[in-house]
1. Taking region 449-465 as the region of interest, how many residues are charged (D, E, K, R) and over 25 Å from S149 (Cβ atoms)?
2. Can you name the condition, by its number, that L419 falls short on among (1) open to solvent by less than 40 Å² (accessible area, probe 1.4 Å); (2) of a type outside the set (D, E); (3) under 13 Å from R170 (Cβ atoms)?
3. How many residues does region 36-61 hold that are charged (D, E, K, R) and in a loop (DSSP other than H, G, I, E, B)?
4. Please name all residue pairs, on different chains or six or more residues apart, with Cβ atoms under 6 Å, provided the first residue is in region 39-61 and is within 18 Å of E264 (Cα to Cα) and open to solvent by less than 30 Å² (accessible area, probe 1.4 Å) and the second residue is assigned to a loop (DSSP other than H, G, I, E, B) and charged (D, E, K, R).
5. Return the pairs, sorted by first residue and then second, in which the second residue is outside any helix (DSSP H, G or I) and modelled with pLDDT of 95 or more, the first residue lies in region 165-180 and is within 15 Å of A153 (Cα to Cα) and open to solvent by 50 Å² or more (accessible area, probe 1.4 Å), the beta carbons are less than 7 Å apart, and the residues are 6+ apart or on different chains.
6. Residues of region 158-190 being touching a strand residue (DSSP E or B) at 6+ places or on another chain (Cβ under 8 Å) and in a loop (DSSP other than H, G, I, E, B), which ones?
7. Of all residues in region 319-349, which are of a type in the set (S, T, N, Q) and buried (at least 20 other Cβ atoms within 10 Å of the Cβ)?
8. Just need a number here: residues in region 102-160 that are basic (K, R) and open to solvent by less than 30 Å² (accessible area, probe 1.4 Å).
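The values are calculated or read from the model by the stated rules, or taken from the named source; none is laboratory data. Because the structure is predicted, anything quoted here is derived from the model rather than measured. Here the Cβ positions follow ideal geometry from the backbone for every residue, glycine too, while neighbour counts run over all protein chains shown. Protein only, heavy atoms only, side chains kept; ligands, DNA and RNA dropped before computing areas. Shrake-Rupley method; radii C 1.70, N 1.55, O 1.52, S 1.80 Å.
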Amino acid sequence: MPEFHAEPYIYLPTVTHKSALIAWGAFYFRVTSKGAWKLVDDEELKYVHPPRKDSIGAKSAPYGPARVEVYDRAGAAVVVANTEIANHCWVAGLAPDTEYTYKIFVKNQEWASGERWDWLASEKALVQTGARYDNRFHTHPDPNAPARSLSFAAIGDFGVGVKNDRPDRRQQQVADALRLAVDTEQVRVVLTTGDNIYAGKKLFGIPIGQTGDEDDDWFFTYFQPYRYVINRVPVYPSIGNHDSAESEECDDRAQVEDNFYICERISGEEAAGRASFGPGLFYRVRYGADIEFICLDTSKEGFFKGHRLFEFPKHREFIEASFPPDSSAAMWRIPFAHHPPYSAGPQHHNTKEMAQLLPLFQRSGVKVTFSGHEHNFQHSRADGIDYFVTGAAGKFRDATPDRFDAAHTESWSHQCHFLLARIEGDRMRVRAVGERARDVAVLNDIVRWTPRGGVVSGPVEIRRT
């Protein structure tokens, strides 16, 4: 029997103004007879000790009786929660807009303590580089009180994987920059604009393996690259065509829901009208009284041919309520989804079905939206709304877009990046941040161009009123 290395992971699926959902899991590796590190496939987990069928996610079998301890700034324990039936636990009774640290204990042993083992693509192995978990989070402001400010990030089309070091795959380098932003810019929320995972194996362009429907598919594509971000900042996903059956034979939607703890987050939200679930993923996240993120599912499924899921009758009430008449723009309403209303290409252009949502954006005072799908950066401005395409957090499309006029393009770039946004009152500044160079502790903005080829520098400035 081979010897296995179990590497524990910690993540923070969601935070509210008075609670947090804290989760843990592990991935298993073995060293082959040739000395190569191999990630253990789900089907091989029956050989680990003790045997398992899964390793991460809301439905994974518990690793043992667990305890979560939450501490205030002074180091005093303020909440202790226990579970014997899951690898996640809600902690409640927290104060709004407050920083906490936490620890997880499984079978009375601290989970993932000490120096960790991380995948290094250049070595094709797990190595120790001195990294340790810094388990902390900041609760959201009270929903009845205005948020003083907020820094948030948006990443899209990122799940290409970090197993190999390739010049056309930059997910780890962008993830390193995102981690730096969390450390230096007080990022409190991460949005995804879909395509959270891609098929790892293809034959003649057809996905045949590692599509995202098993736990082990998610190690290189999500849990490893964002390891030291997702234990501190909640990630709010939207669904892309590669997360559904639209572009891949195997539907990853169920695994996205499991690994992002969707049901645990929104089980009570749907009854309150703040979410609409199945088929599709629609929900709202409030940050204080004046900032709200709205996730829209723009993907397609076979049972609803010729339409996108936001057109499904069940979701109409949620969509109408999410964009009420508000010409004064009294709050930041920020929709995020996969398919862009405006895109100059070169491969994906304006999503025609999205046009029916634009009047709703207009009437409710929406000033900015975030989408993905096209593997580049684009900034468009139409009828007083700024539209961002951020679809290059893992790979990029080098060709030049070809429909600038139709997309109302202000600037674009083919470089890999994520978006870093800062809200201060009625102003928002959006930066397109590129890869982090090794041992460089500065965030670098990517180069952007106008449709005529002029260089654009500095953040995009947006006014709510």
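1. Within region 449-465, the subset charged (D, E, K, R) is 452, 461, 463-464.
Then drop every residue that is not over 25 Å from S149 (Cβ atoms), which leaves 452.
Final tally of qualifying residues: 1.
2. (3)
3. Residues meeting the conditions: 5.
4. S60/D54
5. So the pair list comes out as R179/Y228; R179/V229.
6. F158, V160, G161, V162, K163, Q186
7. Here is the first cut: in region 319-349, the residues of a type in the set (S, T, N, Q) are 322, 327-328, 343, 347.
S322, S343, listed by residue number.
8. Step one: of region 102-160, the residues basic (K, R) are 103, 107, 116, 124, 132, 136, 148.
From the residues that got through so far, the ones that are open to solvent by less than 30 Å² (accessible area, probe 1.4 Å) too are 116.
Of the residues in region 102-160, 1 are basic (K, R) and open to solvent by less than 30 Å² (accessible area, probe 1.4 Å).
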